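S.K.: Shown below is the structure under consideration.
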Amino acid sequence: MMKKFYYLFVLLIGAGLMQACDNGYADSDLIDSPPNVTLSGVPAAVEEGGAPISFTATLKDGISEQHSSTPLASYSYSMVDTTSLAEVRSGGAAVSGRDAVVDVAIDITDGGGAAAVPSGVYELLFTATDTGGNSTPVTNIVTVIECQTAPVATLGVIGSATPTGWDSDTDMTQDPDNPYVWTITMTFVDGEAKFRADNAWALNWGSTGFPSGTGTQDGPNIPVAAGTYDVTINTCTGVYSFN
């Protein structure tokens with residue numbers, strides 16, 4: 001008799017567990033969440049009439065497969081002057097599936113019949129939309145700068161973080177397509193550094209930002225962590241990076 005009660009008890013417990021599982025996640029309502037958007041490489045500043053505004057957008061349809069039922073459909077972007085509120089650039093394209101990586105390059109010159117984007121501060125709006133009409137906007141501020149000086153003849157890195165310290169420059173290489181852009185790959189120790197033109201201090205760029213920032217004339221020394229970096233600076237915008 002006791003054995004029968006034992007088996008009945010086990011059956012009741014098992015049925016309860018099955019009921020609990022059945023009333024769990026499988027029966028929950030599907031939440032159709034909007035796309036996730038991550039932008040990388042959006043420049044803080046670009047030179048007027050220079051290279052395109054380039055960045056990468058990583059798109060994902062919702063927070064997970066269980067919380068989204070509609071795949072990606074499209075992306076769009078626009079650039080709006082924050083002073084006049086005039087839209088100066090727009091575009092977009094179709095995408096599909098649950099994941100997409102999109103490389104965007106916005107031409108700011110007068111090519112293709114559009115007027116060149118003048119110097120100023122712009123709101124860059126990027127929006128991803130899925131087939132259910134859910135959308136996610138992401139905004140960034142980009143400054144278009146009119147270069148105040150001509151390209152320099154030589155540019156170097158100097159400072160306690162460099163191989164020759166504050167005694168002499170380590171020369172950088174000028175980009176053949178953009179005379180304002182200079183690059184170098186070099187090894188640093190913990191210390192400080194600055195950029196300067198023509199082995200003199202008349203034109204120099206510094207900032208507190210690391211591994212990236214915007215250097216200004218006579219700005220503070222850049223705090224550099226030890227390592228080997230691909231270093232780039234645009235002497236028009238002052239934007240630099242240690243990658």
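The values are calculated or read from the model by the stated rules, or taken from the named source; none is laboratory data. All figures in this text were calculated on a predicted structure; none of them were measured in a lab. Backbone-built Cβ (ideal geometry, glycine too); neighbour counts: all protein chains shown.
S.K.: Return only the number of the condition from (1) at pLDDT 70 or above; (2) among the small types (Gly, Ala, Ser); (3) not assigned by TED's automatic domain parsing to the domain that holds THR129 that ALA20 does not satisfy.
M.R.: Status for ALA20: all satisfied but (1).
S.K.: So which residues in the stretch 159-184 are of a type in the set (Phe, Trp, Tyr) and at pLDDT 95 or above? It would help to see each step written out before you state the result.
M.R.: Let us first name the residues in the stretch 159-184 that are of a type in the set (Phe, Trp, Tyr), namely 166, 180, 182.
The answer is TRP166, TRP182.
S.K.: For the stretch 68-82, which residues satisfy the criterion of being modelled with pLDDT of 95 or more and in a loop (DSSP other than H, G, I, E, B)?
M.R.: THR82, the sole residue that qualifies.
S.K.: Six or more apart or on different chains, Cβ atoms under 7 Å: show the pairs whose first residue is in the stretch 176-201 and in contact (Cβ under 8 Å) with a residue 60 or more places away in the chain and whose second is surrounded by 13 or more Cβ atoms within 10 Å (Cβ to Cβ) and aliphatic (A, V, I, L, M).
M.R.: ASN178/ALA51
S.K.: Which one is modelled with the highest pLDDT among residues in the stretch 50-61 that are in contact with a strand residue (DSSP E or B) (Cβ under 7 Å, 6 or more places away or on another chain) and among the small types (Gly, Ala, Ser)?
M.R.: Kept after step one, since they are in contact with a strand residue (DSSP E or B) (Cβ under 7 Å, 6 or more places away or on another chain), are these residues of the stretch 50-61: 52-61.
Retained after the next criterion (residues that are among the small types (Gly, Ala, Ser)): 54, 57.
On the way: SER54: 95, ALA57: 98.
The qualifying residue modelled with the highest pLDDT is ALA57.
S.K.: Given the criterion free of Cβ contacts under 8 Å to residues at least 40 places away in the same chain and over 17 Å from ASN140 (Cα atoms), identify the matching residue among VAL88, VAL95. Steps first, answer last, please.
M.R.: Working: VAL88 fails: over 17 Å from ASN140 (Cα atoms).
Of VAL88, VAL95, the one residue that is free of Cβ contacts under 8 Å to residues at least 40 places away in the same chain and over 17 Å from ASN140 (Cα atoms) is VAL95.
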